[in-house]
Amino acid sequence: MSSRKKIGLVGAGNIGGELANLIVQKQLGDVVLYDIPPKENFAKGKALDLEQSQAVNGSDVRVTGTSNWADLAGADVLIITAGIPRKPGQSRDDLVETNLPIIRDVADNAAKHCPDAFAIVISNPLDAMVYELRRRTNKPRAQVVGMAGVLDSSRFALFLSRELQVSIKDIRAMVLGGHGDDMVPVLSNCTVNGIPIRQLMAKDKLAAIVDRTRKGGGEIVGLMGTSAYYAPAASAVAMAESYLLDQRRVLPCAAYLDGEYGYKDLYMGVPVVIGAEGVEQIIQIELDAEEKAMLAKSADSVQKVVDLVKKKS
Ligand code: APR
């Protein structure tokens, strides 16, 4: 048996394929690409295609495709993209009907076959799906996290760097709250290498960038007819890497709140430290009054979807 880490990707679609590609290139561990039985050959084909890139990029990890959950047993990390992506005109919340039974199926299998895995959920509506996965698996909150804030912050940083014409490496930008149109780009903490963003950019320009960030996912759905996959995959891999390599990076992620920021029994985007123990810490930053109000509105939206999910149990 390999002593390399094992990473299970649940869903071998657009994001799943790009996740596998990045993991292979970074050699983070062996990849098992799972999809439902009708897509078994598709998952196997993707895995083989990726393995055939290894002679070129000098990577030695294994990639296998499967529709058998038993092949995911012993996974160190599970990254879950199972579900249907948005189509033009749909909100993330519109996906509850289709994606709730899927996430429940995934949760039951994850609990049975991969009880010790660190689980990163990407399926939408994100905050409600990650809530349900944790509720259903009954895993410790440190072991279940949702990917949204890294992606939303990355979009925010891109738009700021383009507008200011400075390197994206020097942008420090964080988006908190739910992964919906009322997410909260935190201007009070946003800097260009320590220089407060409000000193560098006019109010109206900043407001336009905040608006574009909030609708960033929808902009891509409008262009492609399906949702984004390169940036979501890169974001989840940053989280997986922080866990696997015990980097203790501070990343905005959907974490289970038990009183932090004044919210209880809710998953929502907050800054967390991800290390070998999973979500090791939730960092509570000071928000200004306007940001607190925006966070409350965002939490309210998340709660409404969670309530809908709870009613369907
Ligand atoms: N178990 C595992 N995989 C499943 C299941 C299931 N029960 N049901 C569906 N899938 C698979 C589909 O067969 C498909 O291959 O999930 C895969 C999803 O892939 P895509 O349709 O390409 O979607 P993708 O763009 O990868 O997005 C997946 O992430 O960002 C979110 O909104 C997005 O919820 C969507 C998810």
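Test G8 against the stated conditions and say whether it is within 13 Å of the ligand (Cβ to nearest atom), assigned to a helix (DSSP H, G or I) and touching a strand residue (DSSP E or B) at 6+ places or on another chain (Cβ under 7 Å). Steps first, please.
On the way: within 13 Å of the ligand (Cβ to nearest atom): yes; assigned to a helix (DSSP H, G or I): no; touching a strand residue (DSSP E or B) at 6+ places or on another chain (Cβ under 7 Å): yes.
It is false that G8 is within 13 Å of the ligand (Cβ to nearest atom), assigned to a helix (DSSP H, G or I) and touching a strand residue (DSSP E or B) at 6+ places or on another chain (Cβ under 7 Å).
Cβ-Cβ below 6 Å, separation at least six or inter-chain, first residue in the stretch 226-241 and free of Cβ contacts under 8 Å to residues at least 60 places away in the same chain and more than 10 Å from the ligand (Cβ to nearest atom), second acidic (D, E) and not in a helix (DSSP H, G or I): which pairs?
Pairs that qualify, where the first residue is free of Cβ contacts under 8 Å to residues at least 60 places away in the same chain and more than 10 Å from the ligand (Cβ to nearest atom) and the partner is acidic (D, E) and not in a helix (DSSP H, G or I): there are none.
Go through the stretch 266-284 and report how many residues are acidic (D, E) and in contact with a strand residue (DSSP E or B) (Cβ under 7 Å, 6 or more places away or on another chain). Full working, then the answer.
So the first thing to find is which residues in the stretch 266-284 are acidic (D, E), and the list is 277, 280.
Imposing the further condition that a residue be in contact with a strand residue (DSSP E or B) (Cβ under 7 Å, 6 or more places away or on another chain) reduces the set to 280.
Residues that pass the stated criteria total 1.
Restricting to the stretch 63-96, give me the number of residues that are away from the ligand (no atom under 12 Å from the Cβ) and over 19 Å from A233 (Cβ atoms). Break it down into steps so the answer makes sense when it comes.
Step one: of the stretch 63-96, the residues away from the ligand (no atom under 12 Å from the Cβ) are 63-64, 70-71, 73-77, 88-89.
Filter once more, keeping what is over 19 Å from A233 (Cβ atoms): 70-71, 73-74, 88-89.
Of the residues in that region, 6 qualify.
Does the stretch 201-215 contain at least one residue that is under 20 Å from I122 (Cβ atoms), at pLDDT 95 or above and buried (at least 19 other Cβ atoms within 10 Å of the Cβ)? Can you show your working first?
Initial filter on the stretch 201-215 (under 20 Å from I122 (Cβ atoms)): 213-215.
Going one step further and asking which of them are at pLDDT 95 or above, we end up with 213-215.
Applying the additional criterion that residues be buried (at least 19 other Cβ atoms within 10 Å of the Cβ) yields 213-214.
The answer is yes, given that some residue of the stretch 201-215 is under 20 Å from I122 (Cβ atoms), at pLDDT 95 or above and buried (at least 19 other Cβ atoms within 10 Å of the Cβ).
Show the residue pairs that are 6+ apart or on different chains and have beta-carbon atoms under 6 Å apart, the first residue being within the stretch 1-28 and farther than 10 Å from A233 by Cα, the second being near the ligand (Cβ under 8 Å from one of its atoms) and part of a loop (DSSP other than H, G, I, E, B).
The qualifying pairs are V10/A82; G11/T81; G11/A82; A12/D35.
Restricting the first residue to the stretch 248-265 and requiring it to be within 25 Å of R172 (Cα to Cα), which pairs with a second residue that is aromatic (F, W, Y) and not in a strand (DSSP E or B) meet a Cβ separation below 9 Å and a spacing of at least six or different chains?
Qualifying pairs under 9 Å: A254/Y131; Y256/Y131; L257/Y263.
What tally of residues in the stretch 240-296 results from selecting those that are surrounded by 14 or more Cβ atoms within 10 Å (Cβ to Cβ), farther than 22 Å from A20 by Cα and of a type in the set (S, T, N, Q)?
1
If you take the residues in the stretch 26-55 that are of a type in the set (D, E) and either within 13 Å of the ligand (Cβ to nearest atom) or in a helix (DSSP H, G or I) (or both), which one is surrounded by the most Cβ atoms within 10 Å (Cβ to Cβ)?
Start the filter on the stretch 26-55 by keeping residues that are of a type in the set (D, E), which leaves 30, 35, 40, 49, 51.
Adding the requirement that they be either within 13 Å of the ligand (Cβ to nearest atom) or in a helix (DSSP H, G or I) (or both) leaves 35, 40, 49, 51.
Working: D35: 23, E40: 16, D49: 14, E51: 18.
Selected residue: D35.
What number of residues within the stretch 97-107 satisfy the criterion of being more than 10 Å from the ligand (Cβ to nearest atom) and charged (D, E, K, R)?
1
Filtering the stretch 210-225 down to residues that are out of contact with any Pro (no Cβ under 8 Å at 6 or more places or on another chain) and within 10 Å of the ligand (Cβ to nearest atom), which residue is nearest to T81 (Cα to Cα)? I'd like the intermediate steps shown before the answer.
Looking only at the stretch 210-225, we keep the residues that are out of contact with any Pro (no Cβ under 8 Å at 6 or more places or on another chain), and these are 211-212, 215-220, 223-224.
Next, from what is left, pick out any that are within 10 Å of the ligand (Cβ to nearest atom): 217, 224.
Values: G217: 16, M224: 18 Å.
Among them, the one singled out is G217.
The values are calculated or read from the model by the stated rules, or taken from the named source; none is laboratory data. Quantities reported herein were computed from a predicted structural model and do not represent experimental measurements. As a convention, Cβ positions derive from the backbone with ideal geometry for all residues, glycine included, and neighbour counts pool all protein chains shown.
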